[in-house]
Amino acid sequence: MIVYLIRHGQTYGNRDGINQGWGDIGLTERGIEQAKELRAFFTEKKPDRVICSDIYRTRQTCSIIFEGRDDIEYDARLREINSSVFMGKTREEIIKLFGEEYIENSRRLNYAPYGGEGVESLVSRAASFLSDLEKDTKSKTVAVVTHGGTIFAFLHRILKMPIYTPPLRIGNCSVTRLGFDDGAWAVHYINYRIK
């Protein structure tokens, strides 16, 4: 099976440096154009399944790339990390409001601020999704529209790499291709961009 992991297009939050978490922030004009550029790429690939995070920015991206498809599946496990009270704020605003607590704890794997979610929880959700995908014996090609943090969580599980090192930035509307064959995952490429 081939799995294409697609990060959503550029949002107003990406552009303005705002923590988005589970917030429903829409695509910028550039984000819409990025999704349109991917449409031709996936018209050729014709995925058997399209699975999308249920957050607005991914649904918006998915509806552009896979325009006209009525069989898109939505899965909350594909959401970005829940950043709780940090959502809607810039890094500078978060540091100003939460100071040393944020600075000291933000890289702890189980740090779940004020009802939010820790990185360990995100990785667990990603692992659960991949385990279910492994059971799909009918699909040859699957497209998954999700978030940068979630894609990194998939890569962490497959490559068994440390969560915070090396730093890996997943670009807006980039494509990461995975393969699953004979019970093993492989990473074919990361962060491919059409333009």
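Is one or more of the residues making up the range 56-68 more than 19 Å from residue 24 (Cβ to Cβ), at pLDDT 95 or above, of a type in the set (A, V, I, L, M) and in contact with a Lys or Arg (Cβ under 6 Å, 6 or more places away or on another chain)? Within the range 56-68, none of the residues are more than 19 Å from residue 24 (Cβ to Cβ), at pLDDT 95 or above, of a type in the set (A, V, I, L, M) and in contact with a Lys or Arg (Cβ under 6 Å, 6 or more places away or on another chain).
Got at least one residue in the range 96-119 being at pLDDT 85 or above, assigned to a loop (DSSP other than H, G, I, E, B) and of a type outside the set (Ser, Thr, Tyr)? Within the range 96-119, not a single residue is at pLDDT 85 or above, assigned to a loop (DSSP other than H, G, I, E, B) and of a type outside the set (Ser, Thr, Tyr).
Screening 75, 70 for residues that are touching a helix residue (DSSP H, G or I) at 6+ places or on another chain (Cβ under 8 Å) and not basic (Lys, Arg) leaves exactly one candidate, 75. Exactly one residue out of 67, 33 is over 15 Å from the mean Cα position of the chain (by Cα) and in a loop (DSSP other than H, G, I, E, B), and it is 67. Among the residues of the range 68-75, are any more than 23 Å from residue 140 (Cα to Cα) and of a type outside the set (D, E, K, R)? No: the range 68-75 contains no residue that is more than 23 Å from residue 140 (Cα to Cα) and of a type outside the set (D, E, K, R).
Tell me, which residue of the range 126-158 that is modelled with pLDDT of 95 or more and of a type in the set (Lys, Arg) is surrounded by the most Cβ atoms within 10 Å (Cβ to Cβ)? Looking at the filtered set, the residue picked out is 140. Can you find a residue that is of a type outside the set (D, E, K, R), in contact with a Lys or Arg (Cβ under 9 Å, 6 or more places away or on another chain), over 21 Å from residue 57 (Cα atoms) and in a strand (DSSP E or B) anywhere in the range 152-171? So far as the range 152-171 goes, no, none of its residues is of a type outside the set (D, E, K, R), in contact with a Lys or Arg (Cβ under 9 Å, 6 or more places away or on another chain), over 21 Å from residue 57 (Cα atoms) and in a strand (DSSP E or B). Among the residues of the range 50-64 satisfying the criterion of being of a type in the set (S, T, N, Q) and in a helix (DSSP H, G or I), which is surrounded by the fewest Cβ atoms within 10 Å (Cβ to Cβ)? It comes out as 63. In the range 2-49, what residues are surrounded by fewer than 19 Cβ atoms within 10 Å (Cβ to Cβ) and at positive phi? Once the filter is applied, which keeps residues that are surrounded by fewer than 19 Cβ atoms within 10 Å (Cβ to Cβ) and at positive phi, the range 2-49 yields 17, 46.
The values are calculated or read from the model by the stated rules, or taken from the named source; none is laboratory data. It should be emphasised that the depicted structure is a prediction, and the values quoted were computed from it without experimental measurement. For neighbour counting, all protein chains shown are included, and Cβ atoms are generated from backbone atoms with ideal geometry for every residue, glycine included.
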